[in-house]
Amino acid sequence: MIYLDIPAWLSVVRIALRMAAQYGRVRRDAAPGCPEKLDWGFFRFAWSFNRIRRARNLAIVNSFPGRKIVLTKRLMRPNSV
């Protein structure tokens, strides 16, 4: 199991940078015909996701019986739980 435990502000900054760079274009990893757009609902979701659900998600990760990796750094170096 891999859990991305990064700060909400970093997620929002990365989303904003991606939107600015790709606005109006279809990204390689997006569905065909789905151009990048400004989506305030997605910003709100990204801002609140790890702040609201972090404790629950970490409990799920800790209860997982297999190998666990929690990525916490901006450089995305794995830290085992």
Under 17 Å from a point 7 Å along the Cα-to-Cβ line of F43: which residues of the range 1-17 have their amide N that close? 8-17
Can you tell me the dipole magnitude for the chain around its Cα centre, using point charges on the Cβ only (Lys, Arg +1; Asp, Glu -1), in Debye to the nearest 20? 180
Which value, in Å to one decimal place, does the Kirkwood hydrodynamic radius take for the chain when every pair of different Cα atoms is included? 14.4
For the chain, with the dipole built from +1 on Lys and Arg beta-carbon atoms and -1 on Asp and Glu ones, taken about the Cα centre, which of V12, G33, I69 lies farthest toward the positive end? I69
Length-normalised contact order of the chain, Cα under 8 Å, at least 6 apart, in percent, tallies to 42
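Bear in mind that the values in this text are calculations on the coordinates, not laboratory data. Because the structure is a prediction, the values reported are computed rather than measured. Note: ideal-geometry Cβ built from the backbone for every residue, glycine included; neighbour counts use all protein chains shown.
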